[in-house]
Amino acid sequence: MGKKEQDARGKGQGLENKKLRRWEDEKLSTSQPLNISSSQIQDSSLVTRHSSLEKATRDAYGETLLELGKERSDIVVLDADLSGSTKTNKFAKAFPERFFNIGVSEQDMIGTAAGLSLTGKVPFASTFAVFETGRAWDQIRLAVCYSNTNVKLVASHGGITVGEDGASHQALEDIALMRALPNMTVIVPADAAETSLVIKAIADYKGPVYVRLGRAAVPYVMPDDYKFKIGKAHIFRTGKDANIIAAGIMVDTAITAAGILTEQGIDTGVINMSTIKPLDEKSLLSVAKNSKIIVTAEEHSVIGGLGSAVCEFLAENHPIPVKRIGVNDLFGCSGNPKELLKLYGLTAENIIETIKKALKK
Amino acid sequence: MNPVQNNKIRDIRTLENIARDVRINILKMLTASGSGHTGGSLSAADIAAAIYFSKMNFNPANPSWKERDRFILSKGHAAPLLYAILAQAGYFSHDMLNTLRKINSPLQGHPCNESLPGVEISTGSLGQGLSIANGIALGLKLDKNPARVYCILGDGETQEGQVWEAAMTAAHYNLDNVCAFIDNNGLQIDGPVEEVMRIAPIHDKWAAFGWHVLEVNGHKMEEILNALDKAESIKNKPTMIIAHTVKGKGVSFFEGRVEYHGIAPTQEELDKALKELANG
């Protein structure tokens with residue numbers, strides 16, 4: 001018995017016979033802490049963050065939905081008793097006749113949304129990402145994707161930055177679940193501004209879409225003049241040595257890592273692959289062709305998400321070394337978001353370490 | 001072709017003949033296919049014929065006509081019934097029925113809206129149709145569209161939890177434009193519903209969920225028509241019509257036989273069955 005295990009067992013009588021979860025599992029990040037100060041990280045950014053303000057993507061969703069509701073009478077919204085958290089409550093308050101709270105019943109919510117779409121409405125159905133994609137997967141498969149109905153699934157609370165609620169509420173498999181479905185488009189915006197553009201774009205797009213949003217406030221990273229297009233990646237810069245393909249909150253982290261690496265002489269690029277399906281293969285190929293390695297970074301399991309999508313494409317079209325940064329086939333746990341990101345290795349330090357190691361080989 | 005709304009049939013005899021033709025076509029297409037769901041297609045034939053030809057407004061020349069009434073086959077495995085009805089209604093030629101379940105056929109093993117006009121949504125995974133019906137009903141109400149939504153569920157199907165989620169939603173939103181049927185034939189794949197997983201008391205359950213509940217003999221055209229009329233007059237509540245039916249109805253050697261849930265008639269059985277239906 002190792003020392004850690006002994007310590008854990010000593011903590012309580014009732015826990016004695018149970019196999020305890022050890023969060024310091026070897027599958028978690030093995031990254032060594034670097035001697036980088038937080039101000040150094042802030043200063044080394046390759047892009048000028050146009051505001052020091054932070055905003056949660058779910059807040060941007062709530063506001064944009066309200067805006068769309070004013071412009072278009074065909075927009076309807078459904079929620080499963082989480083409208084205060086998903087921020088659909090703003091729309092609900094302004095347009096109560098076009099808002100349908102279905103209660104704690106995600107499967108019925110998806111079916112009802114599909115039905116509404118058959119009368120020409122554009123339904124946005126929202127709940128937490130875990131419940132939206134997991135609880136109602138078969139309904140999404142049959143009534144949305146196979147039936148090719150015009151339903152927009154916009155889920156909040158993706159990833160481990162859900163924080164204190166713990167593993168039951170942290171979606172780390174949602175992108176894998178949605179990406180496997182034919183007809184589905186999968187989008188993970190990087191910040192509040194991109195979220196707003198994404199929501200407007202999918203309202204005009206005909207067909208099933210899954211958008212994954214977060215709970216926590218995140219910095220603005222996209223340029224002021226950024227224009228979102230479904231299936232089009234945004235290339236911040238390309239690096240001759242390494243390129244980081246990131247999505248969601250990891251775009252900001254990737255920018256920080258690339259800044260430090262480039263200063264240290266490892267030319268590193270950053271690409272925001274906000275549309276994970278359909279993957280922007282053209283941009284990916286052009287970046288990969290001029291790079292020694294590719295690193296993916298996502299707040300999701302390394303199985304089935306952005307990392308998998310990039311590997312699948314590159315393995316068949318331009319096989320170069322790829323390292324995936326994400327959650328290593330584990331469930332999340334309780335903690336504050338920043339601590340969790342560190343615990344699971346979703347940090348600039350881990351990206352830097354990973355790239356340095358990969359380039360040494 | 002003109003919308004069929006002015007062509008509704010109220011004559012019992014005529015509707016019974018249509019239901020018989022529908023049964024004949026179900027059996028023929030199943031035999032041609034060599035597989036498919038016989039029992040549950042036959043048990044719901046009278047209900048479906050009554051809904052489509054005595055009540056529904058639709059236009060085969062314009063399947064997406066906005067004013068149409070909608071039909072959702074929640075028990076998607078009764079696809080042969082839906083196809084026979086749609087052919088009868090003029091959505092496509094009867095010849096196409098022989099392509100059932102064959103490669104490249106629009107007549108998929110379970111209904112697919114993307115391949116066949118007249119099918120509102122794909123079904124086949126049980127328990128989903130009523131939610132769809134509710135969503136359509138909500139959309140119609142938003143548009144002040146007087147069209148109605150019909151939905152047929154299997155009795156075994158109501159073991160799915162989603163059915164009861166949808167039951168709550170329809171009642172909560174006062175969806176009086178929803179009229180659902182349970183094809184209560186008492187049998188599911190593994191045996192009698194009562195033995196596999198009891199759903200009784202059906203009437204009380206739906207009433208407790210806030211529905212107006214009616215019960216009919218699902219093979220007596222007059223009772224079905226009366227219930228459909230009654231459902232239309234109920235305000236602020238959805239209506240559930242529990243149709244007591246016989247699995248395999250119309251063919252003596254299929255009736256009440258659980259093994260014919262998912263088996264197609266052989267050529268010999270078809271010949272015998274057609275004789276029975278011709279004499280019946």
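Within the range A:49-73, how many residues turn out to be over 25 Å from the mean Cα position of the chain (by Cα) and either within 11 Å of A:F124 (Cβ to Cβ) or assigned to a helix (DSSP H, G or I) (or both)?
3
Let me confirm something: among A:G269, A:G231, A:G259, which residue is of a type outside the set (D, E) and farther than 25 Å from A:L341 by Cα?
A:G231
Out of all the residues in the range A:104-118, which are outside any helix (DSSP H, G or I) and touching a strand residue (DSSP E or B) at 6+ places or on another chain (Cβ under 9 Å)?
A:L118
When you go through A:A125, A:A171 one by one, which is the residue that is more than 14 Å from every other protein chain (Cβ to nearest Cβ) and modelled with pLDDT of 95 or more?
A:A171
Taking the range A:59-68, which residues are touching a strand residue (DSSP E or B) at 6+ places or on another chain (Cβ under 7 Å) and crowded, with 22+ Cβ neighbours inside 10 Å?
Of everything in the range A:59-68, those that are touching a strand residue (DSSP E or B) at 6+ places or on another chain (Cβ under 7 Å) and crowded, with 22+ Cβ neighbours inside 10 Å turn out to be A:Y61, A:L65.
With respect to A:A246, determine if the residue is in contact (Cβ under 8 Å) with a residue 24 or more places away in the chain, under 30 Å from A:Q139 (Cα atoms) and assigned by TED's automatic domain parsing to the domain that holds A:L340.
yes
Which members of the range B:151-167 meet the condition of being within 14 Å of the chain's Cα centre (by Cα) and of a type in the set (G, A, S)?
B:G154, the sole residue that qualifies.
Got at least one residue in the range A:132-139 being outside any helix (DSSP H, G or I) and not β-branched (V, I, T)?
Looking through the range A:132-139, at least one residue is outside any helix (DSSP H, G or I) and not β-branched (V, I, T).
Restricting to the range A:143-161, count the residues that are surrounded by fewer than 24 Cβ atoms within 10 Å (Cβ to Cβ), within 14 Å of chain B (Cβ to nearest Cβ) and polar (S, T, N, Q).
Qualifying residue count for the region: 2.
If B:I85 meets every condition in (1) closer than 16 Å to B:G40 by Cβ; (2) more than 14 Å from chain A (Cβ to nearest Cβ); (3) free of Cβ contacts under 8 Å to residues at least 60 places away in the same chain apart from one, which number is that one?
Tallying (1) closer than 16 Å to B:G40 by Cβ; (2) more than 14 Å from chain A (Cβ to nearest Cβ); (3) free of Cβ contacts under 8 Å to residues at least 60 places away in the same chain, B:I85 fails exactly one: (3).
For the range A:112-122, enumerate the residues that are surrounded by 19 or more Cβ atoms within 10 Å (Cβ to Cβ), farther than 22 Å from A:G158 by Cα and either facing chain B (nearest Cβ under 9 Å) or touching a Leu at 6+ places or on another chain (Cβ under 6 Å) (or both).
A:T112, A:A114, A:G115, A:L116, A:S117, A:L118, A:T119, A:K121
Go through the range B:156-166 residue by residue and tally those that are among the aromatic types (F, W, Y) and surrounded by 24 or more Cβ atoms within 10 Å (Cβ to Cβ).
Going through the range B:156-166 one residue at a time, the tally reaches 0.
When only residues in the range A:129-142 that are crowded, with 24+ Cβ neighbours inside 10 Å and in contact with a helix residue (DSSP H, G or I) (Cβ under 6 Å, 6 or more places away or on another chain) count, which is farthest from the other protein chains (Cβ to nearest Cβ)?
A:A129
Can you give me the number of residues within the range B:120-155 that are more than 9 Å from every other protein chain (Cβ to nearest Cβ), surrounded by fewer than 24 Cβ atoms within 10 Å (Cβ to Cβ) and acidic (D, E)?
Of the residues in that region, 0 qualify.
Give the range B:156-166 a look and list any residue that's assigned to a helix (DSSP H, G or I) and either farther than 23 Å from B:E215 by Cβ or more than 7 Å from chain A (Cβ to nearest Cβ) (or both), or say none.
B:G156, B:E157, B:T158, B:Q159, B:G161, B:Q162, B:V163, B:W164, B:E165
Would you confirm whether any residue within the range A:199-208 is closer than 24 Å to A:V302 by Cβ and not in a loop (DSSP other than H, G, I, E, B)?
no
Could you please find all residues in the range A:80-102 being more than 10 Å from every other protein chain (Cβ to nearest Cβ), part of a helix (DSSP H, G or I) and of a type outside the set (A, V, I, L, M, F, W, C)?
A:S83, A:G84, A:S85, A:T86, A:N89, A:K90, A:K93, A:P96
Counting only residues that are crowded, with 24+ Cβ neighbours inside 10 Å, give me the strands (runs of 3 or more DSSP E) lying completely in the range A:250-308 with at least 3 of them.
Output list reads A:268-272, A:293-301.
I need the full set of residues from the range B:89-119 which are out of contact with any Phe, Trp or Tyr (no Cβ under 8 Å at 6 or more places or on another chain), buried (at least 19 other Cβ atoms within 10 Å of the Cβ) and in contact (Cβ under 8 Å) with a residue 60 or more places away in the chain, in order please.
If the condition is that a residue be out of contact with any Phe, Trp or Tyr (no Cβ under 8 Å at 6 or more places or on another chain), buried (at least 19 other Cβ atoms within 10 Å of the Cβ) and in contact (Cβ under 8 Å) with a residue 60 or more places away in the chain, then B:R101 is the only one that fits.
The values are calculated or read from the model by the stated rules, or taken from the named source; none is laboratory data. Here the structure is a predicted model, which means the values were calculated and not measured. Positions of Cβ are backbone-derived with ideal geometry, glycine not excepted, and every protein chain shown enters the neighbour counts.
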